[in-house]
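Shown next, in structure tokens, is the structure this report addresses.
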Amino acid sequence: MSVADDIFKGMCRDILEHGCSTEGEKVRPKWEDGSFAYTIKRFGVVNRYDLRREFPAMTLRRTALKSAFDEILWIWQRKSNNIHDLGSRIWDSWADGEGSIGKAYGYQLGVKHEYREGEMDQVDRVLYDLRHNPYSRRIMTNIYVHQDLHAMNLYPCAYSMTFNVTKERGEGRLTLNAVLNQRSQDVLTANNWNVCQYALLLMMFAQVCGMEAGELLHVIADAHIYDRHVPLVEELIAREGHPAPRVWLNPDVKDFYAFTVDDLHVEDYVTGPQIRNIPVAV
């Protein structure tokens, strides 16, 4: 069983056994048939993944790592808010007739800001500081921009990354760690997808800055399981897992903007069967 499997099982059991139900309360999401989508939720879930130990891919079922990688490149590298720039159809429900999701996600990362060092967007600011001020405690991004919320078709779920560089005693190489803050997460559909995405982002940043990818701390304010997902989650966490796959990036890439999906390599990814036709609340 992978570490990610073990963490996922423990988190789901905790939500199911100790979580609070929103049934009967005023909630926004609805199922396709128009009925309200209630959840069992836990506040303040914190999970820690050490990328030096293994890549945090769940094996209870397959996470589409190439698609997850493409989406993180869409947001952070291409800084796009248009689904026509994305290979998958995941965002279709939140796009308008022209494919835009509004001033959300990649749009916010691409907005330029004035700094003492010149004009940069948030991604380039992170890369600049990692190279020039690695011990800064101010290396972070935020895409939950209140003045633009009205123009977003979906408020950001994973909204902030904080990067922190360490060096172990007696070692010369720097280690890049990060905290991913998420206001809300549909645990069944999105948990390992997000974990793998931001692990890959951490790996990319570390590689192009000459560092080692270290720990990813995932903080979820509202970790929830939808009512119609409960039997699916129960079946999933009853499965036996497999060892984590070997995942690495093309070591020849030294420019963050040069990465492509083909630079992601995955070996020995053995998983349980996929869960089909998961209902999604919108």
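The values are calculated or read from the model by the stated rules, or taken from the named source; none is laboratory data. Keep in mind the model is a prediction, meaning the values are calculated, not measured. Note that we place each Cβ from the backbone using ideal geometry, even for glycine, and neighbour counts take in every protein chain shown. Ligands, DNA and RNA are excluded from the accessible area calculation, which covers all protein heavy atoms including side chains. Shrake-Rupley method; radii C 1.70, N 1.55, O 1.52, S 1.80 Å.
Out of ALA178, ALA190, which single residue is assigned to a strand (DSSP E or B) and open to solvent by less than 30 Å² (accessible area, probe 1.4 Å)? None of the others qualify; the one that does is ALA178. If we scan the range 243-261, do we find a residue that is of a type in the set (Ser, Thr, Tyr), outside any loop (DSSP other than H, G, I, E, B) and crowded, with 22+ Cβ neighbours inside 10 Å? For the range 243-261, residues of a type in the set (Ser, Thr, Tyr), outside any loop (DSSP other than H, G, I, E, B) and crowded, with 22+ Cβ neighbours inside 10 Å: absent.
Each row is one residue, and each column tells you yes or no for (1) within 26 Å of LEU217 (Cα to Cα); (2) open to solvent by 10 Å² or more (accessible area, probe 1.4 Å); (3) in contact with a Leu (Cβ under 9 Å, 6 or more places away or on another chain); (4) touching a residue at least 12 places away in the same chain (Cβ under 8 Å).
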position: ASP50; (1), (2), (3), (4): yes, yes, yes, yes
position: THR63; (1), (2), (3), (4): yes, yes, no, yes
position: TYR105; (1), (2), (3), (4): yes, yes, yes, yes
position: LYS112; (1), (2), (3), (4): no, yes, no, no
position: PRO134; (1), (2), (3), (4): yes, yes, yes, yes
position: THR141; (1), (2), (3), (4): yes, no, yes, yes
position: ALA151; (1), (2), (3), (4): no, yes, no, yes
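Close Cβ contacts (under 9 Å, 6 or more residues apart or on different chains) running from residues in the range 194-214 that are within 9 Å of LEU51 (Cβ to Cβ) and open to solvent by 10 Å² or more (accessible area, probe 1.4 Å) to residues that are of a type outside the set (Gly, Ala, Ser) and assigned to a helix (DSSP H, G or I) comprise ALA213/LEU202; ALA213/MET203; ALA213/MET204; ALA213/PHE205; ALA213/GLN207.
Take the residues in the range 262-277 that are in contact (Cβ under 8 Å) with a residue 40 or more places away in the chain and open to solvent by 40 Å² or more (accessible area, probe 1.4 Å), then tell me which one is nearest to the chain's Cα centre (by Cα). The qualifying residue nearest to the chain's Cα centre (by Cα) is VAL266.
The residues on offer are GLU32, GLU114, and the sole one that is acidic (Asp, Glu), out of contact with any Ser or Thr (no Cβ under 9 Å at 6 or more places or on another chain) and part of a strand (DSSP E or B) is GLU114. The single condition from (1) over 21 Å from HIS150 (Cβ atoms); (2) touching a residue at least 12 places away in the same chain (Cβ under 8 Å); (3) surrounded by 14 or more Cβ atoms within 10 Å (Cβ to Cβ) that HIS84 fails is (3). Of the residues making up the range 87-103, those that are within 18 Å of the chain's Cα centre (by Cα), loosely packed, with under 15 Cβ neighbours inside 10 Å and free of Cβ contacts under 8 Å to residues at least 40 places away in the same chain are SER88, ARG89. In the range 233-240 there is at least one residue that is under 20 Å from the mean Cα position of the chain (by Cα) and either free of Cβ contacts under 8 Å to residues at least 60 places away in the same chain or under 30 Å from VAL27 (Cβ atoms) (or both).
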